[in-house]
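Just below is one structure, and these are the notes that go with it.
The values are calculated or read from the model by the stated rules, or taken from the named source; none is laboratory data. The model shown is predicted, which means the values in this text are computed figures rather than measured ones. Cβ atoms come from the backbone with ideal geometry, glycine included; neighbour counts cover every protein chain shown. Please note that ligands, DNA and RNA were not included when accessible areas were found on the heavy atoms of the full protein model with its side chains. Shrake-Rupley method; radii C 1.70, N 1.55, O 1.52, S 1.80 Å.
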Amino acid sequence: MKHLNFWGRDQIQIVKKANPYTIFTIRPFLWGLLILVCGCFAFGTRASADEVRSEAWQEAFALLDKGDRKRAVSKLEGLLQTDLPESEKLKIHHALGYNYEKLRDRPQAVRHYARVVTFSYPLADCAAYRLAQLYEGMNNKDRAIKWYTQLVKEYPSSFYLSDAKWALAQLHTEEKGYETAKSYLIDLVKQPRYAREAAFTLARCEEGLGNVSVAFDAYRELIKEKQSLSVAKNSLGRLKQLVRTHKSLKLTPTDRLNCGMVFYSNRQWKSAVSELALIPKTVDLERRAHALYLTGRSNQGRKWPNTSIKNFDAVIALGGKNSYIPRATYQIAQSYRQKGHLKTAVSRLENFVKTYPTDELVDDALYDIAKIHEAQEKSELALDAYARLIKAAPKSPYADVAAWRTGWQRFDERRYEESYTAFKGLKDHFPGNRYAMGAHFWMAKIRERQNRPELARKIYQEVAKARYWYYSARAKAILGISGSELEPKAIQDAKLPTRQQRPPQVPTLMELRLYEDAITQLDRHINTASLAEQNCFYDLITCYEGLAMYDKAREVTEQSLENPAFASATRADLEKLQRKLYPRYYANAVDKYAKLYNVNTFLVAAMILEESRYNAAAVSWAGAIGLMQIMPATGRELAQQLKIRRFRTSMLKQPDINIRMGTKYIADLNSWFNNNPMLVIGAYNGGPGRMRRWVSTKAIKDIDEFVEKITIRETRLHIKKVIDSYDNYVQLYRKSDEPPAVNSATEIGPKRLQGL
């Protein structure tokens, strides 16, 4: 009360009476105190408002991360009503433009994009490019041209400059503005990324301007190379049209040959034959032989073997020193093979090998001979052909297969030392080759069969330490060990070129979740820079993950491991990339259903990885759907068991449902195949009925040999891929005291195949 009374009315009156001027001294003091109090309150309010805005900002972008665009847009619109700095509002407008575009609300997208095309915003060129594309998609060419032109004029150093020029060139060409289009194309033909397409469009412009001979010559140049690509095909079409409409234009024999090659490269066999027939017989020998050879190959494509034989015989009849005689001789044998005359085909191939022992097609001929003999179950003749192949062309792409088949044939005959020699030759001559990896593993198996366990153990240890894919996983399982494959490469940073930093717009694009634009910039930077910095790869992976394009994220990770940017990667770098190679997306659902159905978590994760690369919308050629590639019929059966009401096939694209069904199916297979993961994985891919037949008819106790003898290549490889991925998941994520699910057992145990 004492303090309150001090400022009471009586006290003020006393002061007034004592000195009338004193009140003016007190009032400024009071006003200052009031301002101070208000200022403190205002400061507290501002801090609180900043926190609220920060929270709202984070919440909006968290919704985008979850794919909830509608609620995110509402949050972002609300943020625009606050007193955010203009720079932050421009970011929000940009994000809103993109998200309205994705929601197909084009008017709103246009409104927000247009707000940010200002020099004060660092991503204005990106927004302008998006806006122009939006108008182009709406078929509003005038507006599209306006915005592309503005981008070119006002942002000459923009990342999108060349793209905008290319779009303008195409739009002006469509609108018959040929001179304007040419002004953009002159620059683009010098850029490797646009060179051929720009040259074709430039020819179209010359044609439109009446410069027919210039266009004609340009089209002739474009069909000379890369003949299987669309530019060559389109140039051929324009070339033909010009010849039809302008009688003064003539195609030379070389032009006819190039036209025929374009048709042939695009599998237009009939057109190729017709075009090549127009080449006069008076042309030089080499060109005539080439034309006849292509005619024969085209008739092979048409499945006319008798006609193709006549064509190839004509090549040989030309005589002289034409370089197509050996090829024609080889293709005659292929035509007889196409007819089903295998004895004649082998005879012709043997004659080819004898006549042209140094020709580049000798290894093809010997491989063909071996495959024909194998199909006829003439194993010794096949092995003889394989042996000759290895001797004649040890670096041939078929030599590894030849050695592999030789090793297995001798293994099946229990001629183990000969098998060992073949596998050792394969390992020594093709390091890093997948057949060579398998050969090294089977060298250990052979020593086991020969009852030489110490030698076998030594080889298994070598395989386990190597980066041998599935075979290292199996060697570790047999030895009962776990080992790391994350050894860094010993390359000093000083030996590498300077790393080039990521494009400057990327961090902001990623902050605003504009991942598509960030991907475009990062991808081009990585492919054009002499050495991109490591963060470019990490950012690109993050962008694909943000779009839930997990299969693409893994592709980038695989490319990263092969890129010089990671040549001197530390163990931490490698482990970070390994976790991207073997990710745990949808981990909550995987863990939940693995526990519910008593299935190993990492086996489910490995199965998802190899079935779909974590692409929830994946559909196989056979019709299997979703993360765990479940067939619709299997999905309907599982839906009944799991009491999923109103099941529709489209539900298989829902991650939770797909993982639940796939894990339940693995649990069923576990009960049918005595929890043997190799058999379960094979049954998941090839079908439980087929796996049951294989187990019962092959009567092979060694699980590794059983896998190698699976006749369906897809199933055989699927087992190997899943086991390899499982091993990596265990290595990266398993707790030290947790035993692996795939044990070291090497025999197929008692089978519980009832209930199928």
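A compact table of results
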{"read-out": "Answer from 439, 456 - the residue that is under 26 Å from residue 375 (Cα atoms) and open to solvent by less than 10 Å² (accessible area, probe 1.4 Å)", "value": "439"}
{"read-out": "Matching helices (runs of 4 or more DSSP H) fully within the range 565-612 where at least 2 residues are within 17 Å of residue 658 (Cα to Cα)", "value": "587-596, 601-612"}
{"read-out": "Long-range neighbours under 7 Å by Cβ, at least six apart or interchain, first residue farther than 15 Å from residue 549 by Cα within the range 613-624, second part of a loop (DSSP other than H, G, I, E, B) and open to solvent by 40 Å² or more (accessible area, probe 1.4 Å)", "value": "623/631; 624/631"}
{"read-out": "Count of the range 64-97 residues which are of a type in the set (Val, Ile, Thr) and part of a helix (DSSP H, G or I)", "value": "2"}
{"read-out": "Residue count, the range 527-543 (criterion: surrounded by fewer than 22 Cβ atoms within 10 Å (Cβ to Cβ) and assigned to a helix (DSSP H, G or I))", "value": "6"}
{"read-out": "Residue match in the range 328-338 (condition: open to solvent by 70 Å² or more (accessible area, probe 1.4 Å), closer than 29 Å to residue 433 by Cβ and modelled with pLDDT of 95 or more)", "value": "yes"}
{"read-out": "Qualifying residue in the range 637-645 (condition: open to solvent by 10 Å² or more (accessible area, probe 1.4 Å), more than 23 Å from the chain's Cα centre (by Cα) and β-branched (Val, Ile, Thr))", "value": "yes"}
{"read-out": "Pair list, Cβ < 6 Å and 6+ apart or interchain, from the range 246-269 residues that are surrounded by fewer than 19 Cβ atoms within 10 Å (Cβ to Cβ) to residues that are of a type in the set (Ser, Thr, Tyr)", "value": "265/228"}
{"read-out": "Single unsatisfied condition, residue 474 versus (1) at pLDDT below 95; (2) surrounded by fewer than 18 Cβ atoms within 10 Å (Cβ to Cβ)", "value": "(2)"}
{"read-out": "Hits in the range 150-167 - residues which are assigned to a helix (DSSP H, G or I), open to solvent by 30 Å² or more (accessible area, probe 1.4 Å) and of a type in the set (S, T, N, Q)", "value": "150"}
{"read-out": "Which numbered condition residue 224 misses (of (1) surrounded by 14 or more Cβ atoms within 10 Å (Cβ to Cβ); (2) touching a Ser or Thr at 6+ places or on another chain (Cβ under 8 Å); (3) outside any helix (DSSP H, G or I))", "value": "(2)"}
{"read-out": "Matching entry among 710, 644, 681, 666 (being modelled with pLDDT of 90 or more, part of a loop (DSSP other than H, G, I, E, B), within 18 Å of residue 593 (Cα to Cα) and aliphatic (A, V, I, L, M))", "value": "644"}
{"read-out": "Only listed residue being at pLDDT below 95 and either surrounded by 16 or more Cβ atoms within 10 Å (Cβ to Cβ) or farther than 30 Å from residue 246 by Cα (or both), chosen from 191, 170", "value": "191"}
{"read-out": "Residues of the range 630-640 classified as without any contact (Cβ under 8 Å) to a residue 24 or more places away in the chain and either in a loop (DSSP other than H, G, I, E, B) or under 18 Å from residue 589 (Cβ atoms) (or both), total", "value": "2"}
{"read-out": "Output for the range 589-600, where each listed residue is open to solvent by less than 40 Å² (accessible area, probe 1.4 Å) and without any contact (Cβ under 8 Å) to a residue 60 or more places away in the chain", "value": "none"}
{"read-out": "Search result, residues across the range 425-436 that are buried (at least 17 other Cβ atoms within 10 Å of the Cβ) and not in a loop (DSSP other than H, G, I, E, B)", "value": "425, 426, 427, 435, 436"}
{"read-out": "Residue in the range 570-588 that is buried (at least 22 other Cβ atoms within 10 Å of the Cβ) and among the β-branched types (Val, Ile, Thr) present", "value": "no"}
